[in-house]
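Notes for the one structure printed next.
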Amino acid sequence: MKIIFSFFTVVLLVLLAFLGLKIANLYYLFGVIIPYAALAIFIIGFVYRVMKWASSPVPFRIPTTCGQQKSFPWIKQNKIENPSSTWGVIIRMLLEVLAFRSLFRNTKTESRDGKLSYGSDKWLWMAGLAFHWSFLVILIRHFRFFAADVPSVIHLIESLDSFLQIGVPLLYMTDIVLVAAVTFLFIRRVVIPQVNYISLIADYIPLFLILGIAISGILMRYLFKVHLVGVKNFAIGLINFNPVIPEGVGVIFYIHLFLISSLFAYFPFSKLMHAGGVFLSPTRNLANNSRMKRHVNPWDYPVKVHTYEEYEDDFREKMKNVGIPVEKE
Amino acid sequence: MKLYDGGKIIFGLIIFLGLITIPFYFNAGKAVAPPKPKLDTPVIQALAVKECVKPKEIMRAEHMRILDDWRNSVVREDDRQKIVIGGKEFTKSLQNGCLKCHSNKKDFCDKCHTYMAVNPYCWDCHFTPKENKS
């Protein structure tokens, strides 16, 4: 049910763009207004979400560690998995963000011969890494549509990505990897009962949306070719705030653009915010130095206390009378 | 709104915004004119009807696929017959087909390709026509 709903939401978006252009000729709406609006929602929403996180105090050190913490000098500390310094945290975060270190520890629990057994399960890590990195490469490659003089880094990435030289236009490896990885991530949600049980519409929609973007882009590059020079004119017009609607660019381009706009607009409201959130995860970005530094809770309010000295002052005579020892005579 | 570690977080946000808005300031101050491929070659001037292999709209988007089909047909299927499209004969060839008419590769093919940042690897092997203009 959740899958069908999510799937048809994305199909609806495609139909909306298709009919909007084919029947209503809303080129300006789908080509200019919606992309600008989506970008504005993305930026404002992203900043808002991050600022909201930034305004919650994280008074105590709650890193989830998995190595020996700093202790006696003759006990070897695991400086990355259980960092006590800022540098350790930086390296830990880099490994987390660039290599998904914590997913690498993903385990699977199985009952084998009536016994509970744990095994390592690297598939999620592999697919996640493949997916995110190919998405990044694809995103960077798109810079050629926006730059007047395309920097040589982009050429380099592009030629590495297409170095198998299959077909014309050359096949990009990341296109294949992205679709394969997203498909795997989707199938995983369907097939594994526990994961299926906790999956929500909010988990399926990003998957279908990204799959839709990838497929529309691939179709546009390899099958329903569009007038790319027109597309670049259009892109440059958009970023110069001087939008032009090009002639002879097929509807598939606008479908691609509309799905991307949808993703951008949806981003701040969705779990995709983990892109910003990973940097603000207190279980990752804090040094485990509770035993070296005192961390004071900013929520603490002044508590009215009655110390033992004051108590003794109140009852000193009575205590003496019944023979209870007092500290001050 | 009180921020905790606000300095670091705002620094991160500024880097993020700087990265995602690169397209908006990267071209600043540069005029970007779309390419105008030139058609003034002797062979095209001599044509009675100035037409390409297929209508211009199709050529613009799909010329690489036509080349790919031709290449496969010549190199893999050993079919060097001329191909008839719309009553006209064309040699299925890069140098002896496309570039016979579009002998101004630098002012034609390259104009678009530079603009789009594509660099077809065909010329690693195939000759380019001799041109005076750069």
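Could you check segment A:213-234 and list, in sequence order, the residues that are touching a helix residue (DSSP H, G or I) at 6+ places or on another chain (Cβ under 8 Å), within 7 Å of another protein chain (Cβ to nearest Cβ) and either closer than 16 Å to B:K111 by Cα or buried (at least 20 other Cβ atoms within 10 Å of the Cβ) (or both)?
A:V226, A:H227, A:L228, A:V229, A:K232
Taking the criterion of being within 14 Å of another protein chain (Cβ to nearest Cβ), of a type in the set (F, W, Y) and either in a loop (DSSP other than H, G, I, E, B) or more than 22 Å from A:T64 (Cα to Cα) (or both), would at least one residue in segment A:290-300 satisfy it?
Yes: one or more hits.
Looking at segment B:97-109, can you tell me whether even one residue there is modelled with pLDDT of 85 or more, part of a loop (DSSP other than H, G, I, E, B) and loosely packed, with under 11 Cβ neighbours inside 10 Å?
Checking segment B:97-109: not a single residue is modelled with pLDDT of 85 or more, part of a loop (DSSP other than H, G, I, E, B) and loosely packed, with under 11 Cβ neighbours inside 10 Å.
Hey, can you tell me all the residues within segment B:111-134 that are assigned to a helix (DSSP H, G or I) and surrounded by fewer than 18 Cβ atoms within 10 Å (Cβ to Cβ)?
Within segment B:111-134, B:H113, B:T114, B:M116, B:Y121, B:C122, B:W123, B:D124 meet the criteria.
Please go through segment B:42-60 and give me each residue that is in a helix (DSSP H, G or I) and within 20 Å of the chain's Cα centre (by Cα), ordered by number.
B:I44, B:K56, B:E57, B:I58, B:M59, B:R60, listed by residue number.
Only one residue in A:L280, A:L185 is within 14 Å of chain B (Cβ to nearest Cβ) and either farther than 28 Å from A:L21 by Cα or of a type in the set (S, T, N, Q) (or both). Which one?
Among A:L280, A:L185, only A:L280 is within 14 Å of chain B (Cβ to nearest Cβ) and either farther than 28 Å from A:L21 by Cα or of a type in the set (S, T, N, Q) (or both).
Name the residue that is surrounded by the fewest Cβ atoms within 10 Å (Cβ to Cβ), counting only residues in segment B:36-75 that are of a type in the set (V, I, T) and either in contact with a strand residue (DSSP E or B) (Cβ under 6 Å, 6 or more places away or on another chain) or more than 9 Å from chain A (Cβ to nearest Cβ) (or both).
So the residue we want is B:V49.
Which residues, counting only those in segment A:144-156, are more than 7 Å from every other protein chain (Cβ to nearest Cβ) and surrounded by 19 or more Cβ atoms within 10 Å (Cβ to Cβ)?
A:F145
Conditions (1) more than 30 Å from A:R101 (Cα to Cα); (2) in contact (Cβ under 8 Å) with a residue 60 or more places away in the chain; (3) surrounded by 10 or more Cβ atoms within 10 Å (Cβ to Cβ); (4) not aliphatic (A, V, I, L, M), marked per residue:
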residue: A:R284; (1), (2), (3), (4): no, yes, yes, yes
residue: A:W299; (1), (2), (3), (4): yes, yes, no, yes
residue: A:K304; (1), (2), (3), (4): yes, no, no, yes
residue: A:T307; (1), (2), (3), (4): yes, no, no, yes
residue: A:E317; (1), (2), (3), (4): yes, no, no, yes
residue: A:N321; (1), (2), (3), (4): yes, no, no, yes
residue: A:K328; (1), (2), (3), (4): yes, no, no, yes
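Is it the case that A:I44 is on the phi < 0 side of the Ramachandran plot, within 14 Å of chain B (Cβ to nearest Cβ) and not hydroxyl-bearing (S, T, Y)?
yes
Need the failing condition index for B:K105 against (1) away from chain A (no Cβ under 13 Å); (2) charged (D, E, K, R); (3) farther than 21 Å from A:L170 by Cβ, just the number.
Condition (3) is where B:K105 drops out.
Which one of these is more than 11 Å from every other protein chain (Cβ to nearest Cβ) and under 22 Å from A:A148 (Cβ atoms): A:I239, A:I210, A:I245?
Checking each option against the conditions leaves just A:I245.
Has segment A:231-244 got at least one residue that is part of a helix (DSSP H, G or I) and within 24 Å of B:Y121 (Cβ to Cβ)?
Checked segment A:231-244: at least one residue is part of a helix (DSSP H, G or I) and within 24 Å of B:Y121 (Cβ to Cβ).
Counting just the residues of segment A:248-277 that are within 13 Å of chain B (Cβ to nearest Cβ) and in a loop (DSSP other than H, G, I, E, B), which one comes out modelled with the lowest pLDDT?
Looking at the filtered set, the residue picked out is A:G248.
For segment B:61-96, what are the residues that are within 30 Å of A:I252 (Cα to Cα), part of a helix (DSSP H, G or I) and not hydrophobic (A, V, I, L, M, F, W, C)?
Once the filter is applied, which keeps residues that are within 30 Å of A:I252 (Cα to Cα), part of a helix (DSSP H, G or I) and not hydrophobic (A, V, I, L, M, F, W, C), segment B:61-96 yields B:E62, B:H63, B:R65, B:D68, B:D69, B:R71, B:N72, B:S73.
Would you pick out the residues in segment A:274-326 that are over 16 Å from A:I62 (Cα atoms) and aliphatic (A, V, I, L, M)?
A:A275, A:V303, A:V305, A:M319, A:V322, A:I324, A:V326
Which one is farthest from A:V182 (Cα to Cα), of the residues in segment A:3-23 that are modelled with pLDDT under 90 and either within 23 Å of the chain's Cα centre (by Cα) or among the hydrophobic types (A, V, I, L, M, F, W, C) (or both)?
This residue is A:I23.
Considering segment B:11-35 alone, what residues qualify as being farther than 30 Å from A:F46 by Cβ and surrounded by 11 or more Cβ atoms within 10 Å (Cβ to Cβ)?
If the condition is that a residue be farther than 30 Å from A:F46 by Cβ and surrounded by 11 or more Cβ atoms within 10 Å (Cβ to Cβ), then B:P34, B:P35 are the ones that fit.
The values are calculated or read from the model by the stated rules, or taken from the named source; none is laboratory data. Everything numeric here is computed off the predicted structure, so don't read it as measured data. For neighbour counting, all protein chains shown are included, and Cβ atoms are generated from backbone atoms with ideal geometry for every residue, glycine included.
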